[in-house]
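J.: Could you have a look at this structure, given as structure tokens, before my questions?
The values are calculated or read from the model by the stated rules, or taken from the named source; none is laboratory data. Please read these numbers as outputs of a predicted model, since none were measured by experiment. As a convention, Cβ positions derive from the backbone with ideal geometry for all residues, glycine included, and neighbour counts pool all protein chains shown. Please note that ligands, DNA and RNA were not included when accessible areas were found on the heavy atoms of the full protein model with its side chains. Shrake-Rupley method; radii C 1.70, N 1.55, O 1.52, S 1.80 Å.
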Amino acid sequence: MATTDSTLTGLTKTQATQRLHEDGPNEVAITAFNFKRAILSRLWEPSAWILEGALLVEIGSGKFIQAGFIILMLLFAAVTGAIQARRAQRVLQSLSNDLTPTAAVKRSDQWLTIPVNQLVRGDLVSLRRGDIIPADVDLLTASLTIDESSITGESTAVQRERHATAYAGTTILSGHSLATVTATGAASRAGKTISLLNQHSAPGHLQQLLGKIIGYLALLDTILAVLLLITAIFRRADLVAMLPFLAMLFIATIPIAMPSSFAVANSVEAQVLSQQHVLVSDLSGIQEAANLNLLLLDKTGTITMNRPEVQRCDNFSSKTDQWLLEMATSAVDQQHPSVVDNAILNAATQQHLTPLVPVKFSPFDATIGYAAAIVNTGQGHVSVKLGSWQRLAAMATNSPTLPTAITADTNRTVAVMVADQLMGVFMLQDQPRPDSAAAIQSLQQRGVQVIMLTGDHPKTAEAVAKAVNLTGKVLAYHDLTPATDLTQLAGIAAVTPENKLAIVQQFQQAGYIVGMTGDGVNDAPALKQAEVGIAVNNAVDLAKRSAKVVLMTPGLSTLVQLLDSGHRVYQRMMTWTITKLSRTAELTLLLTGGYLWLNRVPLALNALILVAILNDLVTLVLGTDRTSITTHPEHWNLSRLARLAGGLAAGWTLVGFGLLAGLLKNGTPLDQLSTELYVYLVFSAMLTILITRTTTHFWQQQPSRAVLNAVLLNCVLTIGLGLTGWGIVGISLKLLVIPIVAALITGLVLDVLWVNLQK
């Protein structure tokens, strides 16, 4: 005999508390971040090996001062990298805690919703389609189709029958069953509590672009290094003496620490968004938000309140309306009620009816279009189905006509079938959220096209679109063709969850950067495909795990905050990118040209290391800089970035060569010339950062306190080192002023050109 829901009781609250005390929470303690280990790991990687090889050369040559500076560079890179990694890890862990799933559990004969880390052995849990199984369990009432790829690596779904074991971390693709928890936390097969954080996702557009930039910089360095080596061979120079310099040149120009710096820039905004109740489960979702130019919105629960109420009942049977409503309550999911289930239950409560407890129950399944129950009426068992009119009408043995008033109305209908006969239909009404129209208008003002997706009839969709001021055509999904003008769409109707992936792909193929909201199991592929997949607050676990962003409150207003964060990351990374390209081109051209001209590298190794360290000091805090929010989607254009950076680099480089020529003409010794060039490189780099961080004149928009302090610290240190001669050759105040004045005048001229280019 099949086990029924009513015969299963689970634990009492007292028993659960005792077992939680004995076994601990349903989670595995996360290994604490080891700062020393993080530093050591950064001292044993390819970028460190280059410097360590140079260090051995310097020690072997007896140049211990230069060796000391290389050690300083190694430690600086390792310590700052570890600091950034710790910061990013803390943010990601905080977001992971906020995204902890919940589970439906029966304790002391009451169904409760609790965090999964509070589950204990012996708990009776309810598992449904879309859930991530929170612990190892034995299935009691039904079989489930499960995706076990998280623990086996196999993508093929498996069927777990009644009394079989299902494992923590796997995802339910179809079915509904009660189950008993058999193992939790470290004792489970997965060995960890399930996190919804997608920490291993594909790189976003910005990361791909920065990857290309790194490749181009590496290519530039390689070409220049080969040129220098060939020149040195022809001049019969000491090649061994050049190796440390070439190694340091690679380190100084290639952004080795870029990935961790980039993660921190995103994590800063992830913290800001979490305070706005927007949780980022994939940091690339923030950067993509800046480029977002199309947002596909689910009507139900996103644009509308998702709190439908029964407005009308059409009864085709000879029974009373109360009987029809009572039958309907037997086919609602009382453990995990949907919004439709709640509408039926609320209508029954208003008429003082007690929901019937079914003998057997199968929750709503979108693939068949209804929920099913077997109920004992006192005169025997009878089947009840609750769901789509179209699906049930095709199965019914009778053929009542759907009332015209319901057919033409802009509302949702739910049909009731008893013993294979259509007995009636409920009309549900769901109103747009009060903030939907204003939020959609705000998104449109940012240059984002908004298109509503709904399974409703096109006439229904048109009425909702009109209510929230969405202008344009509303087409049924089957009317979409490759020739459809996508820019004129306000909504797509008659959409099934399976259609959403194809819709996202069609817009991406048309060149859009797509955002999409979703909540169900069948939304997961589309959420994963979209550049900015957004799970709404009531989404199932699978949808949250597939999305890059999770809204913790209903409505659309917080999406504007997501766009703002994306634009801030874009502006900061734009500053970083242009500055890095400009500084690299300036540095390599001056050093290569200087070597060809002077027959020696014009910058001492110690000074080169200092340039790299001081530049990175500002790079580390750019993620906190003040920015200006633009009102249009951003577009990364590598050729444009190269032109902007190239223009700045050309100006700085020409003045740099002029500075060297003037100093040589006045008889400045070559060792002092190195210090002059060092001062010029640092001040030009700081001015480049100040110029590129804003579209106005750099003195009109103050940077953040951290950026300003880092810039001032670099300038003060540079002046102090130049005057005292610590680590580099000291020069007089008169000589020190020359490169500073040259940099300031050049910076003012380049700033004027920059502002005009931005306009």
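J.: Given region 622-703, report the % of alpha carbon pairs whose separation exceeds 23 Å.
T.: Result for the distance tail: 40 percent.
J.: Among 395-401, 716-722, 555-561, 276-282, how do they line up by average Cβ neighbours within 10 Å per residue, starting with the highest?
T.: Going by the mean number of other Cβ atoms within 10 Å, highest first, we get 276-282, 555-561, 716-722, 395-401.
J.: Looking at the chain, identify the longest residue range that excludes and avoids all chymotrypsin sites (Phe, Trp or Tyr not before Pro) in DSSP loops having at most 11 other Cβ atoms within 10 Å.
T.: 45-725
J.: Share of antiparallel DSSP beta bridges in the chain, in percent to the nearest 5?
T.: Values: 59 of 80 bridges.
About 75 percent, rounded to the nearest 5.
J.: Then there's this: Over 31 Å between C-alpha atoms is what I'm after, so list which of 360/459; 360/548; 385/544; 466/500 land there.
T.: Details: 360/459 37 Å; 360/548 37 Å; 385/544 29 Å; 466/500 22 Å.
Over 31 Å apart, Cα to Cα: 360/459; 360/548.
J.: Rounded to whole Hz and in sequence order, give me ³J(HN,Hα) for region 103-108 from the Karplus expression 6.51 cos²θ - 1.76 cosθ + 1.60, θ = phi - 60°, writing x for Gly and Pro.
T.: In residue order, the calculated couplings are 9, 8, 10, 9, 9, 6 Hz.
J.: While we're looking at this one, here's another question. Suppose the chain between residue 359 and residue 43 were pulled fully straight at 0.36 nm per residue; how much longer would it get relative to their current alpha carbon spacing? If you can, show how the numbers build up before the last one.
T.: On the way: separation 316, 0.36 × 316 = 113.76 nm, distance 6.51 nm.
Extra length available between residue 359 and residue 43 comes to 107.3 nm.
J.: Based on the alpha carbons, how large is the Rg to Rh ratio for the chain when Rh follows Kirkwood?
T.: Ratio of gyration radius to Kirkwood radius: 1.09.
J.: Can I ask one more? For residue 368 paired with residue 187, estimate the spin-label separation in nm (one decimal), with each label point 7 Å from Cα along the Cα-to-Cβ line.
T.: 3.6 nm
J.: Just subtract the alpha-carbon distance of residue 712 and residue 726 from 0.36 nm times their residue separation and send over the number in nm, one decimal.
T.: Full extension from residue 712 to residue 726 adds 3.1 nm.
J.: Something else about it: Averaged per residue, what accessible surface does the chain expose to a 1.4 Å probe, in Å²?
T.: So the chain comes to 43 Å² accessible per residue, rounded to a whole number.
J.: So, R0 is 35 Å and r is the distance between the beta-carbons of residue 469 and residue 640; what FRET efficiency does that work out to, to 0.05?
T.: In this case the efficiency is close to 0.50.
J.: Taking 0.36 nm per residue of sequence separation and subtracting the Cα-Cα distance, how much length would be gained by fully extending the chain between residue 212 and residue 79, in nm to one decimal? Show your work: numbers first, answer last.
T.: Values: separation 133, 0.36 × 133 = 47.88 nm, distance 2.64 nm.
Length difference between fully extended and current span is 45.2 nm.
J.: Measure up 13/299; 63/580; 212/734; 212/528 against 32 Å on the Cα-Cα distance and list the ones that go over. Provide the component values of the computation, followed by the final result.
T.: Numbers: 13/299 39 Å; 63/580 30 Å; 212/734 43 Å; 212/528 24 Å.
In this structure, 13/299; 212/734 lie more than 32 Å apart at Cα.
J.: Also, quick follow-up: Please return the longest stretch of the chain lacking exposed loop sites, where GluC sites (Glu not before Pro) count only if DSSP places them in a loop and at most 16 other Cβ atoms lie within 10 Å.
T.: 162-497
J.: Roughly speaking, to the nearest percent, how much of the chain's 1.4 Å accessible area is carbon and sulfur?
T.: Within the chain, the accessible surface is 57 percent carbon and sulfur.
J.: Let me know the charge dipole size of the chain about its Cα centre in debye, to the nearest 20, where only the beta-carbon of Lys, Arg (+1) and Asp, Glu (-1) is charged.
T.: 1760 debye
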